[in-house]
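In what follows, a structure is listed as structure tokens, so that the remarks can point back to it.
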Amino acid sequence: MRVMIFADMEGVAGIQSWEHVGGSSPFYPEGRELYTNEINAAVRGCKAAGATEIIALDGHGGSYPSGKPFMSWINSKLEPSAQYIQGYAWARYVEPMQRGEIDCVLFVGAHAMAGVPNGVLCHTVSSEAWNNATINGTLVGESGIVAAVAASFGVPSIFVSGDQATCEEVVNLIGPNVVTAAVKIGLGRYAARNMAPQDACDLIETKVKEALENRDNWPKPVHFDSPVTFHVELATSDRAAAFQGREGVTITGPRSVEASGATFWEAWDKFWYRS
Ligand SMILES: [Zn+2]
């Protein structure tokens with residue numbers, strides 16, 4: 001069994017403020033520790049289920065100016081027997097899936113899409129730049145985008161940990177067979193009822209193992225009819241300028257842009273920044 005784990009930081013237990021996920025705040029080092037512990041728990045769950053290859057990707061950009069892009073784990077504490085992708089553009093590391101070397105995708109530390117009332121630190125890609133995103137008219141958050149990327153290569157997304165709103169969002173998109181580990185309940189965007197970090201890690205490890213061992217009941221890769229259109233409603237009109245002249249990207253309104261392709265990956269590859 002070969003697994004890719006797409007990790008993010010906002011959905012980790014104990015985290016409910018931007019200060020925890022980037023910048024020079026004293027909360028950021030604690031956030032990194034909590035984040036590292038949860039990815040380690042997921043890796044242990046994979047190993048317990050007999051996974052032969054585990055590739056974990058740090059998908060947390062760091063939202064503060066001095067936040068570290070895609071490298072928030074504490075490397076010296078990472079669980080052995082897995083590989084860790086760091087510093088790479090978001091939702092772009094697909095080579096193992098292109099080669100047919102990945103059986104399933106997991107989400108750890110995921111957060112809800114923009115505008116979800118009890119979604120802790122909810123946003124879609126950028127709080128400042130994007131209001132929302134759709135695939136063929138279906139609203140998606142970051143987990144939906146990554147699930148659609150994986151599905152482009154026939155790979156199912158089978159597990160999610162994060163707050164309760166995120167778990168519901170992923171089940172709504174992918175179906176009830178996704179295994180969920182809700183490690184906190186949002187009490188607004190900046191407040192949460194959290195599990196103790198150790199309890200959250202235990203839950204993640206147990207549920208990841210359970211998900212991987214239940215291959216007969218894995219959800220199918222999320223399906224979108226071809227051609228697949230990815231549409232983004234930007235927050236402000238100046239954001240559209242960044243897409244001017246981009247081949248394959250259409251500016252459809254003062255604050256809206258889209259791209260299409262035979263698969264979601266084809267659309268995403270035209271649309272998304274390479275670094
Ligand atoms: Zn993040």
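We did not get these values from a lab; they are worked out from the coordinates using the rules stated. Predicted model, so just to flag it, every value in this text is computed and none were measured. We place every Cβ from the backbone using ideal geometry, glycine too, and count neighbours over all the protein chains shown.
Data for the structure
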| read-out | value |
| --- | --- |
| Spin-label proximity, Glu95 to the range 261-275 - amide N less than 18 Å from point 7 Å beyond Cα toward beta carbon | 269, 274-275 |
| Efficiency of FRET from Cβ geometry, Lys77 and Thr206, R₀ 25 Å, rounded to 0.05 | 0.75 |
| Packing-based exposure ordering (other Cβ within 10 Å, fewest first) of Val116, Val178 | Val116, Val178 |
| Shape of the range 68-160, Cα gyration tensor, a/c cut at 1.5 | oblate |
| Near-label residues of the range 214-240 by backbone N, under 17 Å of a point 7 Å along Cα→Cβ of Thr138 | 218-232 |
| The chain: relative contact order in percent, alpha carbon pairs under 8 Å with at least 6 residues between | 20 |
| Cβ crowding within 10 Å averaged over residues, with 35-45, 191-201 ranked highest first | 35-45, 191-201 |
| Computed log₁₀ I(q)/I(0) - Debye formula, equal Cα scatterers, no solvent, the range 119-222, q 0.16, 0.21, 0.25 Å⁻¹ | -0.76, -1.17, -1.36 |
| Sites Thr252 and Ile185, calculated FRET efficiency, Cβ-Cβ separation with R0 41 Å, nearest 0.05 | 0.65 |
| Beta bridge orientation in the chain: antiparallel %, DSSP, nearest 5 | 50 |
| Per-pair calculated FRET efficiency, R0 = 25 Å: Tyr88 and Ala242 via Cβ, rounded to 0.05 | 0.75 |
| Shape of the range 18-130, Cα gyration tensor, a/c cut at 1.5 | prolate |
| Gyration tensor verdict on the chain (Cα atoms; rounded if a/c is under 1.5, prolate if a/b is larger than b/c, oblate otherwise) | oblate |
| Local net charge near Asn37, Cβ-Cβ under 12 Å (Lys/Arg +1, Asp/Glu -1) | -4 |
| Local electrostatic count, Asn194, Cβ distance below 15 Å [Lys/Arg +1, Asp/Glu -1] | -4 |
